[in-house]
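The values are calculated or read from the model by the stated rules, or taken from the named source; none is laboratory data. Predicted model, so just to flag it, every value in this text is computed and none were measured. Positions of Cβ are generated from backbone atoms using ideal geometry, with glycine treated the same way; all protein chains shown enter the neighbour counts. When the accessible area is computed, the model is the full protein with side chains, heavy atoms only, and any ligands, DNA or RNA have been set aside. Shrake-Rupley method; radii C 1.70, N 1.55, O 1.52, S 1.80 Å.
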Amino acid sequence: MGILSHVGRFVLLMSRVFRRPEKFKVYAQQFWKEVDAIGLNSLGIVAIVSIFMGAVTTIQTAYNMESPWIPLYAVGLAVRDSMILEFSPTIICIILAGKVGSNIASEIGTMRVYEQIDALEIMGVNSSAFLILPKILAAVLIIPFLVIISMFLGIGGGWIFGVMSGVVTTYKFVYGITYWFIPFYVTYALIKTVVFAFLLTSIPAYFGYYTQGGAVEVGASGTKAVVYSTILILLCNLIITQMLLA
Amino acid sequence: MIRIADINKSFGEKHVLKGITATFEAGKTNLIIGQSGSGKTVLTKCIVGLHSVDSGQIHYGDKDFIVMDFKEKKQLRQEIGMLFQGGALFDSLTVEENVLFPLSMFSDQSMSEKRDRANFCLNRVKLDNANKLFPAEISGGMKKRVAIARAMAMNPKYLFCDEPNSGLDPQTSIVIDNLIKEITDEYNMTTVVITHDMNSVMEIGDNIIFIYKGEKWWEGSNEDILKTENKEINDFVYASKYMRRLKAAK
Ligand SMILES: Nc1ncnc2c1ncn2[C@@H]1O[C@H](COP(=O)(O)OP(=O)(O)OP(=O)(O)O)[C@@H](O)[C@H]1O
Ligand SMILES: [Mg+2]
């Protein structure tokens, strides 16, 4: 299948996803389940990744700046901006594309090959909306919070490890992270995050929904889901950055 | 009543259904029989719209199914109950939740009424102590029965069962057959049952359609099927030595 027919089928699927639910209560229950599965269940990995990214960025920047002309507080500034602009929104979303994306694709793919999607359809349930809408909404709502948490943890991790390894002092670091703070960077990061959250749920859902065959194909859908959502996240990152920051 | 006319369906080069015409009356158990791979499952999936047909007509009552849009089909499907060959239970839900699912989606009853209905259905398929188990924790035959309970939960006007008693012991099998027959009579349902089981054919077959290599080869009642001279159907019905001996003894 060519890329254009994938795009066409994706758009058609999305047009069926964003429809009025048959019953709000049932969808709401699904939604909270997804908030739990996508959001709360990812807190651990987000925290670990963020703290380590912040710590490593701090130490690396400090070593690269051993020039007398660059003030030491620039370390804090660099960590802050790289976490807010890139590491938290983009890297975290790519990691979530791996974790959440493969999960969504194989869950929906399994439902497809074991006729559970057919069973939903036969009951008169809009299977695409029922299975996909709660996931997209949950991701779009909860992942920005994960990213904000990641920003704090990343900067915090940088501070703690920076001070512990002696490359920077608390005073300089804190001065750095408050120096010339541009609030729009956070807005920009959150806009990106919302787009990425949509991509990393809708694309795996698409591959899962159109799985055909058996266990092998379900596995293949999971792989495709991760690869394509990662590529599209990177591509959209470029486009959004060009649009908002350039 | 469901009427289908001249249904054709191919998968790529493979012509699976070849011009099938049939009428399934309300209040009767209509059986579809035929060899494995003859196209029975594909036929029922075409009738309910899970496969699109290449050509032909499908009418539910006087409503033309082929021209219905997404919304109209959704509406109609709330009146359809279907048992899939593999059960198709939702494996993240317990047995009880599976049966409750269509009720919570479409009925405005209170939770306790829905529970009662679900338990009533589970009771009729003789599953009383499995409510809290997950599909992975029950046997194949139990899954089948849960799926039947789920299919009948909404009191459908049209009921499709793909091999309701494969994987069941003879006794439970008869219970299920009788259940299908009873609810068909009771609610004047239009029931279509795919089966391999000659026992069911003889017990509940009001109207039997024999599919042979994608064609409708024969049609008649369970009385007729024993008398017909049609070779393919005799090969099917009298496949076992036991049935042949029975025939010789007649
Ligand atoms: N999705 C599909 N894609 C391609 N071919 C299919 C598909 N589904 C069914 N077929 C083919 O259609 C034919 C009829 O299949 P079907 O499942 O209807 O058989 P059946 O009569 O239900 O058999 P059984 O009694 O074993 O369930 C088979 O040859 C099968 O290979
Ligand atoms: Mg079959």
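Numerical summary
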quantity: Members of the stretch B:77-87 found to be over 18 Å from A:VAL26 (Cβ atoms), open to solvent by 50 Å² or more (accessible area, probe 1.4 Å) and away from ligand 1 (no atom under 16 Å from the Cβ), listed by number; calculated: B:GLU79
quantity: Residue satisfying all of: in the stretch B:34-50; near ligand 1 (Cβ under 9 Å from one of its atoms) and without any contact (Cβ under 8 Å) to a residue 60 or more places away in the chain; farthest from B:ASN188 (Cα to Cα) among these; calculated: B:GLY37
quantity: Among the residues listed as B:GLY19, B:GLY37, B:GLY56, the single one being closer than 28 Å to B:ALA239 by Cβ, small (Gly, Ala, Ser) and part of a strand (DSSP E or B); calculated: B:GLY19
quantity: Residue check, A:SER42 in a helix (DSSP H, G or I) and either farther than 16 Å from A:ILE148 by Cβ or within 14 Å of chain B (Cβ to nearest Cβ) (or both); calculated: no
quantity: Residue check, B:GLU182 part of a strand (DSSP E or B) and at pLDDT below 95; calculated: no
quantity: Meets criteria (open to solvent by less than 40 Å² (accessible area, probe 1.4 Å) and more than 16 Å from ligand 1 (Cβ to nearest atom)) for B:PHE90; calculated: yes
quantity: Residues of the stretch B:103-117 classified as surrounded by 12 or more Cβ atoms within 10 Å (Cβ to Cβ) and away from chain A (no Cβ under 14 Å), total; calculated: 4
quantity: Residue selected from the stretch B:59-70 under the condition open to solvent by 40 Å² or more (accessible area, probe 1.4 Å), away from chain A (no Cβ under 13 Å) and not in a strand (DSSP E or B), by the criterion nearest to ligand 1 (Cβ to nearest atom); calculated: B:ILE66
quantity: Helices (runs of 4 or more DSSP H) lying entirely in the stretch A:70-123 (those with 3 or more residues that are within 14 Å of chain B (Cβ to nearest Cβ) and in contact (Cβ under 8 Å) with a residue 12 or more places away in the chain); calculated: A:102-113
quantity: Of the criteria (1) of a type in the set (A, V, I, L, M); (2) farther than 20 Å from B:LYS40 by Cα; (3) modelled with pLDDT of 95 or more, which one B:LEU226 fails; calculated: (3)
quantity: Test: residue in the stretch B:175-190 that is in contact with a strand residue (DSSP E or B) (Cβ under 8 Å, 6 or more places away or on another chain) and either within 16 Å of ligand 1 (Cβ to nearest atom) or open to solvent by 10 Å² or more (accessible area, probe 1.4 Å) (or both); calculated: yes
quantity: Members of the stretch B:203-250 that are acidic (Asp, Glu), in a loop (DSSP other than H, G, I, E, B) and open to solvent by less than 70 Å² (accessible area, probe 1.4 Å); calculated: B:ASP206
quantity: Some residue of the stretch B:3-12 being within 14 Å of chain A (Cβ to nearest Cβ) and either in contact with a helix residue (DSSP H, G or I) (Cβ under 9 Å, 6 or more places away or on another chain) or surrounded by 21 or more Cβ atoms within 10 Å (Cβ to Cβ) (or both); calculated: yes
quantity: Residue within the stretch B:35-48 that is more than 8 Å from chain A (Cβ to nearest Cβ), crowded, with 19+ Cβ neighbours inside 10 Å and away from ligand 2 (no atom under 16 Å from the Cβ) present; calculated: no
quantity: Residue satisfying all of: in the stretch B:152-174; open to solvent by less than 10 Å² (accessible area, probe 1.4 Å) and within 16 Å of ligand 2 (Cβ to nearest atom); nearest to the other protein chains (Cβ to nearest Cβ) among these; calculated: B:PHE160
quantity: Filter pass, B:SER139 being free of Cβ contacts under 8 Å to residues at least 24 places away in the same chain and either within 14 Å of chain A (Cβ to nearest Cβ) or open to solvent by less than 20 Å² (accessible area, probe 1.4 Å) (or both); calculated: no
quantity: Sole residue being of a type outside the set (D, E, K, R) and within 20 Å of A:SER82 (Cα to Cα), chosen from A:SER128, A:SER229, A:SER150; calculated: A:SER150
quantity: Boolean, A:ILE239 is within 21 Å of A:SER82 (Cβ to Cβ), in a helix (DSSP H, G or I) and open to solvent by 60 Å² or more (accessible area, probe 1.4 Å); calculated: yes
quantity: All positions within the stretch B:58-70 that are closer than 26 Å to B:ILE180 by Cβ and either of a type outside the set (Asp, Glu) or assigned by TED's automatic domain parsing to the domain that holds B:GLU137 (or both); calculated: B:ILE58, B:HIS59, B:TYR60, B:GLY61, B:LYS63, B:PHE65
quantity: Those residues of the stretch B:148-174 which are under 19 Å from B:GLN75 (Cβ atoms) and away from ligand 1 (no atom under 16 Å from the Cβ), in sequence order; calculated: B:ALA151, B:ALA153, B:MET154, B:ASN155, B:PRO156, B:LYS157, B:TYR158, B:LEU159
quantity: Matching entry among A:ILE231, A:ILE203, A:ILE182 (being exposed (fewer than 15 other Cβ atoms within 10 Å of the Cβ) and within 16 Å of A:ILE95 (Cα to Cα)); calculated: A:ILE231
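Here is a yes/no grid of residues against (1) outside the structural domain of B:LYS114 (by TED's automatic domain parsing); (2) within 16 Å of ligand 1 (Cβ to nearest atom); (3) in contact (Cβ under 8 Å) with a residue 40 or more places away in the chain:
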site: B:GLY27; (1), (2), (3): yes, no, yes
site: B:ILE32; (1), (2), (3): yes, yes, yes
site: B:GLU72; (1), (2), (3): yes, no, no
site: B:GLN75; (1), (2), (3): yes, no, no
site: B:ASN98; (1), (2), (3): no, no, yes
